[in-house]
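The values are calculated or read from the model by the stated rules, or taken from the named source; none is laboratory data. Computed from a prediction, not measured in an experiment: that's the story for all the values here. Cβ sites come from the backbone with ideal geometry, for glycine too, and all protein chains shown count toward neighbours. Note: accessible area is taken over every heavy atom of the protein model, side chains too, but ligands, DNA and RNA are not part of it. Shrake-Rupley method; radii C 1.70, N 1.55, O 1.52, S 1.80 Å.
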Amino acid sequence: MLRLGLKRLLWGTMSVLCGSWALFSPGFAQTDLASRMKDPSQWPMAARDYANTRYSDLDQINASNASRLQLAWTFSVGADRGQEAAPLVVDGTMYVVGPYAGPYPNRVFALDATTGELKWSYAPKPEPAAAGVACCDVVNRGLAFDNGKVFLNTLDNHSVALDAKTGKELWHTKLGEINKGETITMAPVVVKGKVLIGNSGGEMGVRGWVTALDENTGAIAWRAYATGPDKDVLIGDDFKPFYDNLKGTDLGVKSWPAGRWQVGGGTMWGWISYDAELNLIYYGTANPSPWNANQRSGDNLWSTTIFARNPDNGHAKWAYQVNPHDLFDHDEVNENVLVDLELNGQPRKVLIHPGRNGYMYVMDRATGEVISADAYEFVNAYKGVDLKTGKIIPNEEKTPVVGKTVENICPTAPGAKDWQPSAWSPRTKLLYVPHQHLCMNFKASQVGYIAGTPYVGADVDMYAGPGGYRGEFMAWDPVARKKVWEIHEKLPVWSGALVTAGDVAFYGTMDRLFKAVDAKTGNVLWQFRAGSGFIGQPISYRGSDGQQYIAILSGVGGWPGAVANAEVDQRVRNGALGFTGAMQDLPFYTAGGSELLVFKLGSTIGQDNNHAPPQ
């Protein structure tokens, strides 16, 4: 039955880097995109800024008046599948993309950001077969913008540039092959005139890569693989990893059984951040293939690895493998939030990585040294992280064995947190983290590789973690290394987070609630019940009328939500790669949706109290 499910689904003293000092620093090349990051009226990239903060400087909506939020306008993207994309707002126009479904898969819309009026739309010419090989729903996580162009990744492995004013296609470039199980779901990122894109398909044995395209022509500038010889991984003389076990030649070959690196996964479908002063991009790679670790002895480099690379040529500066010889599908594509902290009296340029393995990593982003790594979720799959070696400490009792069901492994395959991005406030100096609270039973099995078909080798059954809840939205202090407050949710919190200068944090729930909470205390200030659940990314911007707006797509789906929007039988617990077991009740709360919701403050006269949270 797992195979059936797969066939259906495998389709401080701190300051924020993006804060003013970094963007105005002498080393920062002024580009169109960089200048727009300084304008709080706009939201020019999915993460809003290169530091991946998802922080808005707007404060018209604040903790004292958020209860007056009301709908301003709505828009349907016309495809009732998982809506994970972040809208962009540039010069008063909102750009939004739908999932790879409906009559016009991955259709792009340009809307007046104040009124919702449609300006233009663009529909790519799709290859329908892509939907059949996509893991974890046919989602798209957003667009990119730079120098008058909008950049789109389609599920069927194309990158497209559009004229931002007209929607006219300027170029398109094919980057991968569907018949290998390869797809693209990530939002592209533009750095120094290069469009950076990674591929998806680790559950199909796809070999992972990140590719840079010239933003004017679509020509490939460089491609860095996650497995294979150093020349393919773009590891050269400049590569200086912090830890000795990562030093050597062709480790992307030697850390695998003979030839297995060629179908070894390590895809990249998450987030890319950028430090202009160090001229380094940062991203994490996904799980090794297959999930059954008994078939791939060794550390399996460079899967589940955080890379720092030169965006000009793609060459690696350092790398850190988060989960050597990954046992549980613990990808590490999660966001790396770039902040400067004072630690032990010393200023440090760090990245914060909320690991899928349940640990909150604070790392020196110049060297790759792990400064701290503390559990932010219930973890029994590991016994901690050795800060001397940088290595995670496995719990031998939870090691999967072929043919044997190992029970009560926490966190699960989607980890303590998956792709859903957190947000950082330079005011509260807290990281706001949406995540899940699940455990699983895991049975490994032998699997053979056939190109374009599932290559997993595991039977998984997920369920709620200790306490019986399945999701959480929390605030984390990376200096004190502890949770400050938390909100438990009955379902996984699969939406992204937003935090503003009004000290309000936003997130959505899979059972249809969009919430505004006090960023300092976690008190719920306002909530709105939508037509479908939320797995999208909230944003904030200022309209031409001077009003602050909050926008998010509603439409349940993604890996946990496929049971509510696709042909997945909720009675089969190990369907959807094991997520069905934890989500059997989701179809009773919600079904698929396709609505873009935009909010602003309403008048104090005639206030709608129906959306106030329960007291």
All alpha-carbon distances of the range 68-190, grouped into 10 Å bins from 0, give the whole-percent distribution 14, 47, 30, 8, 1, 0
For the range 191-323, give the percent of accessible area contributed by carbon and sulfur heavy atoms, probe 1.4 Å, rounded to a whole number.
47 percent
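If the only charges are +1 at each Lys and Arg Cβ and -1 at each Asp and Glu Cβ, what is the size of the charge dipole of the chain around the Cα centre, to the nearest 20 debye?
Working: 56 positive and 62 negative charges, 69 e Å.
Dipole magnitude for the chain comes out near 340 debye.
Pairs Lys254/Lys349; Lys194/Lys600; Lys254/Lys398; Lys317/Lys404: which exceed 30 Å Cα-Cα? Could you put the intermediate results ahead of the total?
On the way: Lys254/Lys349 32 Å; Lys194/Lys600 35 Å; Lys254/Lys398 26 Å; Lys317/Lys404 41 Å.
Over 30 Å apart, Cα to Cα: Lys254/Lys349; Lys194/Lys600; Lys317/Lys404.
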So what are the radius of gyration and Dmax for the Cα set of the range 171-231, in Å?
11.9, 33
Taking θ as phi - 60°, what are the ³J(HN,Hα) couplings along the range 561-566 by the Karplus curve (6.51, -1.76, 1.60), each to the nearest whole Hz, with x for Gly and Pro?
x, 4, 5, 9, 10, 9
Along the Cα-to-C-beta direction of Arg427, a point sits 7 Å from the Cα; which residues of the range 478-519 have their amide N less than 13 Å from that point?
499-506, 517-519
Could you give the length gained on full extension between Trp120 and Ser35, defined as 0.36 nm per residue of separation minus the Cα-Cα distance, in nm?
28.1 nm
For Lys254 and Asp477, calculate 0.36 nm times their separation in residues minus their Cα-Cα distance, and state this gained length in nm to one decimal.
76.4 nm
Shape parameters for the range 270-418, alpha-carbon atoms, Rg then Dmax in Å
15.5, 51
Asn310-Lys240 pseudo-label distance in nm [points 7 Å out on the Cα-to-Cβ vector]
1.3 nm
Could you derive backbone 3J(HN,Hα) for the range 97-111 from the dihedral phi with the Karplus parameters 6.51, -1.76 and 1.60 (θ = phi - 60°), listing whole Hz in sequence and x where the residue is Gly or Pro?
10, x, x, 8, 7, x, x, 10, x, 6, 5, 9, 10, 10, 10
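Compute the FRET efficiency between Val402 and Tyr449 as 1/(1 + (r/R0)^6), taking r as their Cβ-Cβ distance and R0 = 22 Å, and round to the nearest 0.05.
On the way: r = 16 Å, r/R0 = 0.75.
Calculated value: 0.85.
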Kirkwood Rh, Cα Rg: Rg to Rh for the range 344-426?
1.04
Could you sort Ile235, Ile393 by their accessible area in this structure, using a 1.4 Å probe and putting the largest first?
Ile393, Ile235
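For the range 397-479, what D do you get in µm² per second when you plug the Kirkwood radius from alpha-carbon pairs into Stokes-Einstein at 25 °C and 0.890 mPa s?
Values: Rh = 15.0 Å.
Here the translational diffusion coefficient equals 163 µm²/s.
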Amide proton proximity set for Lys317, modelled H, under 5 Å, gap of 5+:
Ala308, Arg309, Asn310
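With all pairs of different alpha carbon atoms counted, what Kirkwood hydrodynamic radius in Å does the chain show? Mind showing how you got there, number by number?
Details: mean 1/r = 0.0425 Å⁻¹.
Result for the chain stands at 23.5 Å.
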Between Asp59 and Asp230, what is the label-to-label distance in nm when each label sits 7 Å out along the Cα-to-Cβ direction?
5.1 nm
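Under a 1.4 Å probe, what is the accessible area of the chain per residue, stated in Å²? All intermediate terms of the calculation are to be shown ahead of the outcome.
Values: 19510 Å² over 615 residues.
Per residue, the chain has 32 Å² of solvent-accessible surface.
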Given the alpha-carbon gyration tensor of the range 533-601, what are the semi-axes of its equivalent ellipsoid in whole angstrom, ordered largest first, with each equal to the square root of 5 times an eigenvalue?
33, 9, 8
Debye calc, one equal point scatterer per Cα of the range 307-371, no solvent, log10 I(q)/I(0) at q = 0.19, 0.26, 0.28 1/Å comes to -0.80, -1.20, -1.27
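I'd like the FRET efficiency for Asn216 and Thr367, computed as 1/(1 + (r/R0)^6) with the beta carbon distance as r and R0 of 22 Å, rounded to 0.05.
Working: r = 34 Å, r/R0 = 1.55.
Working from the Cβ atoms, E equals 0.05.
At a 1.4 Å probe radius, carbon and sulfur cover how many percent of the accessible area of the range 446-490? Intermediate results must be reported in sequence, preceding the final value.
On the way: 970 of 1870 Å².
Ligands and nucleic acids excluded, carbon and sulfur reach 52 percent.
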Taking all protein chains as present, what is the carbon and sulfur share of the accessible area of the range 338-413, in % to the nearest whole number, probe 1.4 Å?
49 percent
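Once the convex hull of the C-alpha atoms of the range 479-615 is built, how many Å³ does it hold per residue, rounded to a whole number?
Details: hull volume 19.2 nm³, N = 137.
Enclosed volume per residue, from the Cα hull, is 140 Å³.
Convex hull over the alpha-carbon atoms of the range 132-260: what's its volume per residue in Å³? Could the numbers behind the result be given before it?
Values: hull volume 17.0 nm³, N = 129.
Convex hull volume per residue, Cα atoms: 132 Å³.
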Suppose each label sits 7 Å from its Cα in the direction of the beta carbon; what would the Ser544-Asn344 distance come out to in nanometres?
5.5 nm
